[in-house]
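Structure, as structure tokens:
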Amino acid sequence: MHDLSTRQLRAFVALAQERHFTRAAARCHVTQPAFSAIIQSLEAGVGARLFDRSTRSVELTPEGEVFGISASRLLAEFERAQSDIGDHLAQRQGHVSVGALPSLAAGWLPGILAQYRADYPGVGISLVDALADVCLDRVRSGELDFALAARRNDMTGLEGEFLYADKFYLVCPATHPLAKRRTIRPADLARWPLVHMTRNSSVRQRLEQVLPAAARAATFEVEHLATAIGLVRAGLGVSVMPAMTLFHAKAPELVVRPMAGAGFTRSLYLIKREGRSLSIAAQTLHDRMMAQREQIGRAESVLSASAQQPAS
């Protein structure tokens, strides 16, 4: 059997339903001679006569009856595939899976996801808020389309596009001696108890690189930013956090001070699998995030200003 074309299948179905060459040809938008040639090439391809013709009627042969079952199913599946890819390209359907560091997932990202959902209500969105290693492992495995995270040493199979440099700030009680300073030097932290994030967080990994040894020792080491802020609020230590986490520190009893010195930033990236194209839906969301990354800077300014109290 030769390969069949959708043109042949459509001609067969039209003739099987119309039982009339002229009407079937008009339905397929071809001349009757051209239509007859299509049917003849189909019968030659399948190796059997599919229609009995007479001057008064057109009827399916027994082989035509058998072929008609499969032909109708194949044509319906092809048309459904065309419809599905059309919906996919128009973003009337589809799915995007995104990973993000908790600070971005709670602060900057929700507004962008809300805009995207309003523009493309038929596209499903999954969000994983997790530490960088978890996000990157899931991108690498294909579970996530892309992630908003910091890079790590092992980026095998991954590629990242720079998103933003997140600045670090000291968070301390308003009554703490460091609250009187406008900026904080790394050496200023050496004598005070520190509340650190866990060692597998991108925040902690960056601070391990830029803080002196005396300032790296953690009095408390916790998994969640809310816990760290609670410990600081209770006077159990001070903490160094990136700007996008400062919504946790928006309280009158806390102040925020910028860290002085080189290196007190955390570079964030949009990370996807190396050499793999994103779906139309995922690429649109990816591009929208890149286009709106300047909003991170505005959000940082608002967060730090709202949490920071005037120095006395």
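The values are calculated or read from the model by the stated rules, or taken from the named source; none is laboratory data. For clarity, every value in this text was computed on a predicted model and none was experimentally measured. Neighbour counts are summed over all protein chains in view; Cβ atoms, including those assigned to glycine, are modelled from backbone coordinates with ideal geometry.
Name every residue in segment 103-131 that is within 17 Å of S202 (Cβ to Cβ) and either aliphatic (A, V, I, L, M) or surrounded by 20 or more Cβ atoms within 10 Å (Cβ to Cβ) (or both), in order of residue number.
Filtering segment 103-131 down to residues within 17 Å of S202 (Cβ to Cβ) leaves 103-109, 128-131.
Across segment 103-131, the qualifying residues are S103, L104, A105, A106, G107, W108, L109, V128, A130, L131.
Could you check, for segment 13-27, whether at least one of its residues is polar (S, T, N, Q), over 19 Å from L75 (Cβ atoms) and surrounded by fewer than 19 Cβ atoms within 10 Å (Cβ to Cβ)? Give the derivation first.
Just the residues of segment 13-27 that are polar (S, T, N, Q), to begin with: 17, 22.
Now restrict to residues that are over 19 Å from L75 (Cβ atoms): 22.
Then keep just the ones that are surrounded by fewer than 19 Cβ atoms within 10 Å (Cβ to Cβ); that gives 22.
Looking through segment 13-27, at least one residue is polar (S, T, N, Q), over 19 Å from L75 (Cβ atoms) and surrounded by fewer than 19 Cβ atoms within 10 Å (Cβ to Cβ).
Identify the single condition in (1) farther than 24 Å from A179 by Cβ; (2) hydrophobic (A, V, I, L, M, F, W, C); (3) modelled with pLDDT of 85 or more that V255 does not satisfy, given that it satisfies every other one.
Of everything listed in (1) farther than 24 Å from A179 by Cβ; (2) hydrophobic (A, V, I, L, M, F, W, C); (3) modelled with pLDDT of 85 or more, V255 misses just condition (1).
Residues checked against (1) at pLDDT below 80; (2) of a type in the set (D, E):
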position	(1), (2)
L9	no, no
A25	no, no
Q32	no, no
F35	no, no
G64	no, no
E79	yes, yes
D84	yes, yes
R92	yes, no
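Select from segment 139-149 the residues that are of a type in the set (A, V, I, L, M) and either within 19 Å of S267 (Cβ to Cβ) or assigned to a helix (DSSP H, G or I) (or both) and list them in ascending order. Walk me through it before giving the result.
To start, the set of residues in segment 139-149 that are of a type in the set (A, V, I, L, M) comprises 139, 144, 147-149.
Scanning segment 139-149 gives V139, A147, L148, A149.
For segment 52-83, what are the residues that are among the polar types (S, T, N, Q) and closer than 16 Å to R19 by Cα? Can you show your working first?
So in segment 52-83, the residues among the polar types (S, T, N, Q) come out as 54-55, 57, 61, 70, 72, 82-83.
S54, T55, S57, T61, S72 - these are the residues of segment 52-83 that are among the polar types (S, T, N, Q) and closer than 16 Å to R19 by Cα.
State which residue pairs qualify: first residue touching a residue at least 60 places away in the same chain (Cβ under 8 Å) and inside segment 54-80, second residue assigned to a loop (DSSP other than H, G, I, E, B) in any location, beta carbons under 9 Å apart, and separation of 6 or more residues or different chains.
Sorted first by the residue in segment 54-80, then by its partner, the pairs are A71/L4; L74/L4.
On the given criteria, is Y164 closer than 16 Å to A260 by Cβ and touching a Lys or Arg at 6+ places or on another chain (Cβ under 7 Å)? Give the steps one after another, and end with the answer.
Numbers: closer than 16 Å to A260 by Cβ: no; touching a Lys or Arg at 6+ places or on another chain (Cβ under 7 Å): yes.
Taking the combined requirement at face value, the residue does not satisfy it.
Would you call T175 hydroxyl-bearing (S, T, Y) and outside the structural domain of A190 (by TED's automatic domain parsing)?
Details: hydroxyl-bearing (S, T, Y): yes; outside the structural domain of A190 (by TED's automatic domain parsing): no.
No.
Going by the structure shown, is S70 at pLDDT below 90, closer than 30 Å to A226 by Cα and assigned to a helix (DSSP H, G or I)?
The answer is no for S70.
Can you tell me which residue within segment 98-144, out of those that are out of contact with any Lys or Arg (no Cβ under 7 Å at 6 or more places or on another chain) and acidic (D, E), is modelled with the lowest pLDDT?
Ranking the candidates gives D119 first.
Filter segment 276-292 down to the residues that are of a type in the set (G, A, S), outside any helix (DSSP H, G or I) and in contact (Cβ under 8 Å) with a residue 40 or more places away in the chain and list them by number.
Result: S279, single match.
Within segment 96-138, track down each residue that is free of Cβ contacts under 8 Å to residues at least 40 places away in the same chain and assigned to a loop (DSSP other than H, G, I, E, B).
P121, G122, A130 - these are the residues of segment 96-138 that are free of Cβ contacts under 8 Å to residues at least 40 places away in the same chain and assigned to a loop (DSSP other than H, G, I, E, B).
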